Amino acid sequence: MLAALHSLVRRRFQAVTAVAGISFEVMPGEVVGFLGPNGAGKTTTLKMLSGLLHPTSGEVSVLGYTPWKREKAFLRQITLVMGQRNQLIWDIPAIDSFELNRAIYRIPPAEYRRTLDELTDLLELGPLLRKPVRNLSLGERMKCEIAAALLHRPRVLFLDEPTIGLDVTMQRRIRSFIAEYNRRYQATVLLTSHYMADVEALCRRVIVIHQGSLLYDGDLNTLTQRFSTHKTIMVQLKEERTADLRAYGEVVAYNDGQVTLRVPKSETASITERLLADLPIADLTVEDPPIEEVIEHVFAQPANGMEATP
Amino acid sequence: MTYLRLLWLFFRVGAMNELAYRANFFVQLFRSFLGLVTGLAGLAVVFSHTDTLGGWRPDELLALLGIYFLVGGLINLVIQPSMERLMEDVRRGTLDFTLTKPEDAQVLISAREVAIWKLVDLALGLGVLVVALVRLAAQVGLGQVLAFTLALLAGGAIVYSFWLILATVSFWFVRVENILVIFQSMYEAGRWPVGIYPPWLRITLTFLVPVAFATTVPAEALVGRLTVQTLLGAVGLALALLAVSRWFWTVGIRHYSGASA
Amino acid sequence: MTALLDIYRAHFKTTIASQLQYRAALVIWLIGMVLEPLIYLVVWTTVARSSGGQVGGYTPQDFAAYFIVFMLVNHATFTWIMWEYEYRIRQGTFSAMLLRPIHPIHSDIADNLSYKLLTLSVMLPTAIALSLAFRPAFHLVPWAVLAFIPALVLAFLVRFLMEWALALAAFWTTRVNAINQMYFVALLFLSGQIAPLSLLPAPIQAIGTALPFRWMVAFPVELLLGRLQPEEALIGFAAQVIWLIVALALVHVIWRAGVRRYSAVGS
């Protein structure tokens with residue numbers, strides 16, 4: 001109690017750098033995924049791109065505009081969807097919120113009808129539109145949110161964790177919608193997520209952000225190659241063997257003669273040789289570890305301690 | 001006596017929680033001070049044009065103002081935050097946590113939340129009251145002080161029961177979130193002696209929304225305007241309302257069902 | 001321009017639909033709006049009756065007229081925008097407004113007006129009921145009644161813009177309460193809420209004339225009740241216009257600074 005009273009008269013502040021030294025370029029029509037753990041700076045980056053935040057230094061240009069100037073012409077061509085936040089008005093049917101957006105974005109009535117029909121079709125919104133938003137399930141609400149965000153056919157989509165909290169079927173639905181939308185309208189999509197499945201399904205290009213710095217920018221597959229330090233060897237034995245397989249590497253799984261070993265990347269060749277020489281092997285495959293594992297491994301390191309393995 | 005122990009516990013927890021937000025103290029101090037200045041200025045403007053208001057003299061109205069802040073502070077200290085918390089729990093279905101505790105639920109919900117900074121209001125109200133008493137010294141004797149204490153206790157019980165009844169209504173009508181605002185809006189009328197209001201308003205402020213019992217009745221007791229009948233009536237009403245609110249509370253609990261996820 | 005009207009119309013529809021869901025809450029909020037002038041009505045009529053039938057040129061019936069009209073004008077001009085912004089910034093819902101290609105003040109004005117449209121259905125009957133109970137005396141003067149309309153519109157604009165600018169203080173501190181409280185106290189006394197301004201001590205009246213509060217509420221009321229000479233009315237309009245310009249400038253400057261600040265700090 002005394003300590004609590006004491007704090008009445010003292011104050012402390014701390015400055016936090018959210019994002020530092022991030023540079024990248026995105027071409028029209030690309031779908032780029034931002035990967036990073038919580039607090040990495042993904043959302044901050046999206047907010048800078050949509051004009052909600054302005055950077056302390058550096059340049060941002062989207063569609064030729066400086067986002068934080070918030071020019072109307074700019075705002076009419078972008079959209080930001082945030083998984084945790086709603087722009088739909090809670091107590092009234094979604095269609096009424098759509099009407100409001102129509103007016104705000106000055107969408108001509110005919111075009112509005114057409115877009116609305118297409119979105120209703122793609123997202124299966126039919127019965128949902130007339131129910132008050134608070135009566136919709138989380139997944140239904142998300143679909144309506146996304147539709148509301150796309151009524152004005154923006155050229156650039158910023159999607160911040162769009163599938164968070166949704167069940168697997170709905171996640172897949174939304175993923176395929178985004179892919180289709182990108183295909184149909186050549187819209188540029190920047191997507192943040194911590195579901196690997198989102199990124200794997202949608203993004204050919206991945207930007208990894210960790211502790212506010214850009215760690216990697218490129219292909220998803222190359223990511224694995226660059227950052228993984230281990231490989232997985234799957235061995236199918238011709239017959240049961242009591243030999244201690246731990247001598248070859250970390251045994252991840254073992255059942256019915258099927259062994260999965262985890263070995264350091266640099267020793268893959270030599271260990272494979274030894275296995276083939278020592279054991280009766282029916283089949284042997286060498287694989288990269290699952291992407292999740294690689295990413296996890298990446299995030300577990302402090303940002304400047306990262307080194308790409310040759 | 002467990003009740004007192006529980007009350008003290010809640011008070012301590014509430015205090016420790018709030019002390020982390022030192023700025024709130026100054027906010028409250030400023031706010032209360034402004035409220036006080038407003039009240040005093042209002043009285044000053046009125047009494048620049050007259051000597052009495054409905055038979056009440058300036059110092060008597062000063063005492064009323066002090067009681068207004070004092071009782072208001074008490075209400076906002078414990079009753080209001082706890083009842084608001086109760087309504088929120090009902091809305092979110094989290095009342096279950098309280099109902100499974102091994103203490104009487106009504107006691108628990110009644111004093112759970114303590115807005116400790118409202119003690120400032122209480123202190124200011126007390127200060128004003130003391131100043132008024134000093135100026136009224138001649139007409140305030142032991143009898144009045146005793147009557148005042150009794151009236152204050154009765155008033156407190158009546159107000160508490162009223163708030164509890166209002167909050168219990170939320171068991172049935174979950175979406176009337178600001179039902180508690182009814183009392184707070186009407187409490188404004190307690191700054192002035194209820195006797196000056198037209199009959200229909202006076203009755204409303206006495207029997208519908210018991211603001212009169214919170215401020216005017218204790219004030220009347222203090223300055224010697226209270227009849228014994230009224231005092232006994234207040235005490236009787238207090239006891240009756242305590243019983244009614246308790247009964248209504250048990251009905252509400254029975255009706256309560258946790259909101260589905 | 002038509003696009004703007006379109007936006008307002010769309011807003012009206014959604015806000016009214018949304019607020020109708022909370023009918024009971026709306027009525028409860030109105031209790032405070034009605035009770036305050038009612039309390040002072042009673043207080044001052046009591047004073048008048050015990051002071052030989054009138055105080056400062058107001059009989060009990062005059063007081064009734066004053067406070068009933070005041071209630072309506074106050075209701076027409078009030079806002080809750082300060083609490084709104086504090087809430088929005090705390091909850092992070094403000095970002096969505098920043099992403100729209102339209103200045104957020106428009107949706108705020110639309111919200112405000114549609115609320116008043118809705119609640120008029122309660123306020124008007126209440127005013128009538130109060131009139132029946134307290135028998136107000138109206139000394140209406142034709143030119144003054146006509147002048148009332150523009151005075152009311154100007155009063156609304158001045159008050160809305162001022163309070164909107166004040167609401168933006170939430171960009172700099174979450175502790176907007178102190179500022180709001182001071183504003184409301186000044187408003188309470190100087191806009192004529194506690195008593196007709198002519199009943200306040202002379203120095204206070206002088207301050208009141210220099211500040212905007214009188215022109216936000218009291219002026220249209222005094223005008224409608226026929227208590228102002230034509231010259232005084234002209235001075236009043238001039239004051240309203242001046243404060244309107246000041247308010248517009250304030251809004252412009254504080255908005256720019258506010259957005260700059262918000263986008264530096266984030267939500």
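Coordinate-derived values only; no laboratory data. In this text the structure is predicted, and so the values were computed from the model without any measurement. Positions of Cβ are backbone-derived with ideal geometry, glycine not excepted, and every protein chain shown enters the neighbour counts.
Normalised by the residues of chain A, what does the relative contact order come to in percent, with Cα pairs under 8 Å and at least six apart?
After rounding, I find 21 percent.
Which of the lysines could a cross-linker bridge to A:Lys47, judged by Cα under 26 Å and excluding same-chain residues fewer than eight apart?
Those lysines meeting the cut-off are A:Lys69, A:Lys72, A:Lys143.
Using the Cα centre of region A:169-310 as origin and beta-carbon charges of +1 (Lys, Arg) and -1 (Asp, Glu), tell me which of A:Tyr216, A:Thr260, A:Val189 is placed farthest towards the positive end of the dipole.
Among A:Tyr216, A:Thr260, A:Val189, the one farthest towards the positive end of the dipole of region A:169-310 is A:Val189.
Taking beta carbons within 10 Å but only from partner chains, what does the mean come to for residues A:39-48?
That average works out to 1.
Got the relative contact order for chain B handy, in percent, Cα pairs under 8 Å and 6 or more residues apart?
27 percent
Cα-based Rg of chain A per 2.2 N^0.38 Å, rounded to two decimals?
Compared with the compact-globule rule of thumb, chain A sits at 1.27.
In deg cm²/dmol and to the nearest 500, what is the mean residue ellipticity at 222 nm of chain A if only DSSP H runs of at least 4 residues count, each as -39500 (n - 2.57), divided by the residue total?
Estimated from H runs of four or more residues: -10500 deg cm²/dmol.
Within 10 Å, count the other beta carbons around each residue, average over each peptide in A:264-270, A:194-200, B:246-252, and list them highest first.
My ranking of the peptides, most packed first, is A:194-200, B:246-252, A:264-270.
How many Cβ atoms of partner chains, on average, are near each residue of C:103-111 if near means within 10 Å of its Cβ?
1
Using the Kirkwood formula on the Cα atoms of region B:43-154, what hydrodynamic radius do you get, in angstrom to one decimal?
16.6 Å
Just want to confirm a number: the relative contact order over chain C, from Cα pairs under 8 angstrom separated by 6+ residues, in percent.
Across chain C, relative contact order equals 26 percent.
When you have a sec, figure out the Kirkwood radius of the protein assembly as shown from all distinct Cα pair distances and drop it here in Å to one decimal?
Final number for the Kirkwood radius of the protein assembly as shown is 31.8 Å.
Roughly what % antiparallel, to the nearest 5, for the DSSP beta bridges in chain A?
60 percent
Scaled to the compact-protein estimate 2.2 N^0.38 Å, what is the alpha-carbon radius of gyration of chain B, rounded to two decimal places?
Its radius of gyration relative to the 2.2 N^0.38 Å reference: 1.05.
So which lysines pass the test for C:Lys13, namely a Cα distance under 18 Å, with those fewer than 8 places away in the same chain ruled out?
The qualifying lysines are A:Lys131, C:Lys116.
Compute the helix-to-body angle for B:119-136: its Cα long axis versus the longest principal axis of chain B, expressed 0 to 90° and rounded to tens.
Value to nearest ten degrees: 20.
If you bin the C-alpha pair distances of region B:50-95 every 10 Å from 0, what whole percents do you get?
25, 26, 21, 16, 11, 2
Apply the a/c threshold of 1.5 to the C-alpha gyration tensor of region A:229-287 and tell me whether it is rounded, prolate or oblate.
Note, shape of region A:229-287 comes out prolate.
I need the Debye-formula profile for region C:2-265: one equal scatterer per C-alpha, no solvent, reported as log10 I(q)/I(0) at q = 0.10, 0.14 1/Å, two decimals.
The computed values of log10 I(q)/I(0) come out as -0.55, -1.05.
Testing the spin-label approximation: label points 7 Å from Cα along Cα→Cβ at A:Arg113 and A:Ala179. State their distance in nm.
3.3 nm
Quick check: the angle from helix C:81-91's long axis to the longest principal axis of chain C, C-alpha only, nearest 10 degrees?
30 degrees
If you take the charge dipole of region A:31-224 about its Cα centre, with +1 on Lys and Arg Cβ and -1 on Asp and Glu Cβ, which of A:Val32, A:Thr115, A:Leu159 is farthest toward its positive end?
A:Thr115
With runs of 4+ DSSP H residues as the only contributors, calculate the mean residue ellipticity of chain B at 222 nm using -39,500 (n - 2.57) per run, divided by the residue total and rounded to the nearest 500.
So the calculated ellipticity at 222 nm is -23000 deg cm²/dmol.
At a 10 angstrom cut-off on C-beta neighbours, averaged per residue, how do the peptides A:115-123, B:101-109 rank from highest to lowest?
So the order, starting with the most tightly packed, is A:115-123, B:101-109.
Helix B:22-47 versus the longest principal axis of chain B: what angle, 0 to 90°, nearest 10, using Cα atoms?
The answer is roughly 40 degrees.
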